1. Report, by chain and number, residues whose modeled amide H sits under 5 Å from the one on R263, excluding near sequence neighbours (fewer than 5 apart, same chain).
2. Evaluate the distance, in nm, between pseudo-label points positioned 7 Å from the Cα of E536 and of A160 along their respective Cα→Cβ axes.
3. Just want the ordering: S138, S267, from fewest to most Cβ atoms lying within 10 Å of their own Cβ.
4. Would you mind counting up the charge near Q380? Only other residues with Cβ under 12 Å from its Cβ, with Lys and Arg at +1 and Asp and Glu at -1.
5. Please enumerate, by chain and number, the lysines with C-alpha under 25 Å from the C-alpha of K373, excluding those fewer than 8 residues away in the same chain.
6. Enumerate the amide H contacts of L476 below 5 Å, restricted to partners 5 or more residues apart or on another chain; note that Pro and chain-start residues carry no placed amide H.
7. What FRET efficiency comes out for the pair E489/R95, r = Cβ-Cβ distance, R0 = 30 Å, nearest 0.05?
8. Each residue of the stretch 33-44 in order: what ³J(HN,Hα) in whole Hz does its phi give by Karplus 6.51 cos²θ - 1.76 cosθ + 1.60, θ = phi - 60°, with x for Gly and Pro?
Amino acid sequence: MMLSKLLTLFLLLSVHQTLFAQQYDVEGALNELDQVVKNRAVYVNAHQRLIEQEKKNLKDATFINDQYLLNKKLYKLYKKFDGDSAIKYAERNYRLALDNHRIDWQKESEMNIAQVQITRGVLFLAREMLEKCGPIDSFPKELRHNLAIAILNFNKKMEARPASPDIMAQHGRILHVDKNLLISYLIPGTLPYYNGMSIIGRYDNKDVNMLLKLLHNIPTTELKERSKIYFVLAKYAQHENQLHKYYYYLIKSAICDVKSVNRGSQSLLMLIESPFVQKNVNRAYQYAMTCEESAKAYKDYNQSVSILTAQDIIIKSYQTLQSRQRMLLLIGFVIMLLLSATVMFMFLQLKKKALRQKQLYHRLEMLNGEQKKNIDQIKQMTTEVADTNSKLMDEIKLRDHNFIATYYLCSDYIKTYQNFKKAIVNLLKTNSYKEALKKASSTEISDAELKNFYKRFDEAFLSTHVDFVERFNRLLCPEGQFYLDNPNELTPELRIYALISLGINNSVNIADFLHYSPQTIYNYRLRVRHQSCIDEKDFADAVTNIYDEVKMKTYFE
């Protein structure tokens, strides 16, 4: 009787394991992911065509609301595809918000910029934008759930970084927001709610059924939403220590990410550490190369270190495989010695066994050659990742330098203002009211102050646009081209057109910025435009698009 019960229990467990394996077919999902990774260029090209179409729509838009919505759509298309471009369109909407006094647009744009910086790991810039957003309870109601998720993600990444008490204090207002308060802004039963719960590490088995229901109701074409649901399901499975299910959902999330060209995704990178991927070195290599391409294109500072860690895992796998190959080679040699000893007794079987041994030896040599080739590829890939990381660090240092230079300039103006106040007070103390009134009424800026201002502007601009003068000269006839006496100092004409390339095209705004008269700005622009080698009416537009090679070609056609 007892034996019968044990046998029945064994059969039930076997059936359950078979059904579980069929439901969560990890190897089948990995094969699908392999094919998707192989065809990733197809998805990138399709996404770029969609972006170009929306850019054409934006160019034809005349109403402010249409421009705002199209900028917002382009931001969403670029959000996980190209961080710099996403920020560019969010900043455009920010300027539209300021020009049209739309606080709700302004707040949404600030939050959108913060979301990209959080994804890329530039947390000091993300903190500034979140601070601009203000308290969440004063944020537009329909956007509070997005801001809550952004703050939760920011806090999680900040807590994951080793930081001193001073750094933590700088982020205090955001880090110390009550997590329960942030969760209260998320609607239960929605994806943001479950995403927020997984971020703070709260899991409930009842939520899994709701997530599966959400997944069932979302069309298969909505890849970004499906990726998020799969990723949250993976986190729930990991919490329950259901590793088979965890890796299955992680693979499905990665498939959606590659198809939707989500370059800020962590799913594929996390998969490299799984035993299912580690046992196939070529597969791990392809995944790591895909992650490297995404990090390089998106400028994701977080993924650089993770990719290096993944590279170490792959190299160790190759080393293990090499050790096995050496062992096989040693076994082969031993077998050869045994066959040589046996030849004295089995002369008739000598040719057959010798041929078999020769084939085995040849196969081992081929495997060893392929192994060496793969190791060289890994070394090259490691070097490329190190170069990429170095370039990213140089870019961070350059941005930090420009950030500090800006605040030094502000500090100089504060000092000048304080000296000005002291001078006024001294004149008033000596009853020199007329001189004090004359000095206080003066609107002139000293040459030294303007010179310092221009110097700081030129250095900051040329540090990030090193080839601006070369590109600008392409638009001019040979006799009208500019050559700098000082490589770090722009001429007044180049300074004006540098601002135009940054999007400041109005002469009055340029005059206010550079403290020239509008007529002076007009004269400078007219003089340069007359030296143009393209149609003069397109000159300002060409300068605005001076870094867009595709558009630049159209001006010369």
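1. F81
2. In this crude spin-label approximation the distance works out to 5.7 nm.
3. Working: S138 9, S267 22.
The most exposed by this proxy come first: S138, S267.
4. Working: positive: K373, K379; negative: E292, D376, E384, D387.
Charge balance in the 12 Å sphere: -2.
5. Straight-distance partners of K373: K38, K279, K296, K316, K358.
6. C533
7. So the FRET efficiency works out to roughly 0.60.
8. Whole-Hz 3J(HN,Hα) from phi for the stretch 33-44: 5, 4, 5, 5, 4, 4, 9, 4, 5, 5, 5, 4.
None of the figures in this text is laboratory data; all of them are computed from the coordinates on show. Being a predicted model, the structure only gives us computed values, none of them experimental. Heads up, the Cβs are rebuilt from the backbone with ideal geometry, glycines too, and the neighbour counts pull from every protein chain shown.
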